[in-house]
Amino acid sequence: MHTIDSLLANNRAFVRAQLAHDAAFFEHLAEGQHPDFLWIGCSDSRVSPNLLTGTGPGEMFVHRNIANLVVPTDMNLLAVLQYAVEVLQVNHVIVCGHHGCGGVKAALGGHSHGLVDHWLHAVRETEQFHHARLAALDDETRLRHLVELNVIEQVHNLGKTSIVQRAWAARRRPFIHGWVFDIGTGGIDPLTRMISNDEELLEACKFHRAGLGPAAAAPARPPQAQPAAQAGHASPAPRAGVAP
Ligand SMILES: [Zn+2]
């Protein structure tokens, strides 16, 4: 178990080790950043983007929140996204969820967790939309599927932001990606192909009614989510492996 003092001691050791390896490491780092990736992930302490992807300081711009949500009214997310896409001109934006996500699990349960319940509203909407299909699954499988459906939903929200739409029109970048990290194995599984236009976004987020089974009787999306449907988004679509 670390302590506050051990964190600072670790930092001093880190500085020594870096300088021993490269005496100009921090001088170069201070010159500026040119990351090619924006990572939108969960705040979960086990999901460390640089560690998982082998990237170092300066290589990945990061935004994290509980359950890796892309909420179109979240000024924090929008500011990060705008700066990453328009100023840093990252070529890739990754939405990465993770199995065992406490935020998604909380949205599945009927218990109150305080203020965070408001934040997780979007996850509950996704669960409601797929409720008939998810309800037929055992608890563990249901959570895994909702984690993946949530990633697809956030990819859709990301692609529909004016920031990404403008960037696609101007330079056909960034590519956006939906990934899921499995804490139990350490592996990352891509859930979407690389997406850089509305057609690819629609394909990645299409609701394949033919493969639904019990979800054919799924309730309609609540009224507050209708603008997405009007914009051509029928529903999040799982990759083949997501379907129960
Ligand atoms: Zn999480």
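How about region 41-73: which of its residues are without any contact (Cβ under 8 Å) to a residue 40 or more places away in the chain and of a type in the set (Lys, Arg)?
64
Within region 1-40, take every residue that is touching a strand residue (DSSP E or B) at 6+ places or on another chain (Cβ under 8 Å) and without any contact (Cβ under 8 Å) to a residue 60 or more places away in the chain and give me the one that is nearest to the ligand (Cβ to nearest atom).
Filtering region 1-40 for residues that are touching a strand residue (DSSP E or B) at 6+ places or on another chain (Cβ under 8 Å) and without any contact (Cβ under 8 Å) to a residue 60 or more places away in the chain, the one nearest to the ligand (Cβ to nearest atom) comes out as 39.
Could you tell me whether residue 106 is surrounded by 13 or more Cβ atoms within 10 Å (Cβ to Cβ), modelled with pLDDT under 95 and either among the basic types (Lys, Arg) or within 16 Å of the ligand (Cβ to nearest atom) (or both)? Write out each step before concluding.
Details: surrounded by 13 or more Cβ atoms within 10 Å (Cβ to Cβ): yes; modelled with pLDDT under 95: yes; either among the basic types (Lys, Arg) or within 16 Å of the ligand (Cβ to nearest atom) (or both): yes.
Yes.
Within region 110-147, how many residues are within 20 Å of residue 43 (Cβ to Cβ) and in a loop (DSSP other than H, G, I, E, B)?
6
For (1) outside the structural domain of residue 193 (by TED's automatic domain parsing); (2) at pLDDT below 95; (3) surrounded by 13 or more Cβ atoms within 10 Å (Cβ to Cβ); (4) within 21 Å of residue 189 (Cβ to Cβ), each residue gets a yes or a no:
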| position | (1), (2), (3), (4) |
| --- | --- |
| 39 | no, no, yes, yes |
| 44 | no, no, yes, yes |
| 60 | no, no, yes, yes |
| 83 | no, no, yes, no |
| 117 | no, yes, yes, no |
| 122 | no, yes, yes, no |
| 144 | no, no, yes, yes |
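Name the single residue that is nearest to residue 85 (Cα to Cα) among those in region 49-68 being assigned to a loop (DSSP other than H, G, I, E, B) and under 13 Å from the mean Cα position of the chain (by Cα).
For region 49-68, the residue satisfying everything is 68.
So in region 77-101, with the set limited to residues that are farther than 20 Å from residue 117 by Cα and within 11 Å of the chain's Cα centre (by Cα), which one is nearest to the ligand (Cβ to nearest atom)?
Looking only at region 77-101, we keep the residues that are farther than 20 Å from residue 117 by Cα, and these are 78-96.
Narrowing the set further to residues that are within 11 Å of the chain's Cα centre (by Cα) leaves 93-96.
Values: 93: 18, 94: 15, 95: 12, 96: 10 Å.
Across region 77-101, the extreme among qualifying residues is 96.
Restricting attention to region 64-76, report how many residues are more than 12 Å from the ligand (Cβ to nearest atom) and crowded, with 20+ Cβ neighbours inside 10 Å. It would help to see each step written out before you state the result.
First pass over region 64-76, keeping only residues more than 12 Å from the ligand (Cβ to nearest atom): 70-76.
If we keep only those that are crowded, with 20+ Cβ neighbours inside 10 Å as well, we get 70.
Of the residues in that region, 1 qualify.
The values are calculated or read from the model by the stated rules, or taken from the named source; none is laboratory data. Computed from a predicted structure; not experimentally measured. Note that each Cβ is placed from the backbone with ideal geometry, even for glycine, and that neighbours are counted across all protein chains shown.
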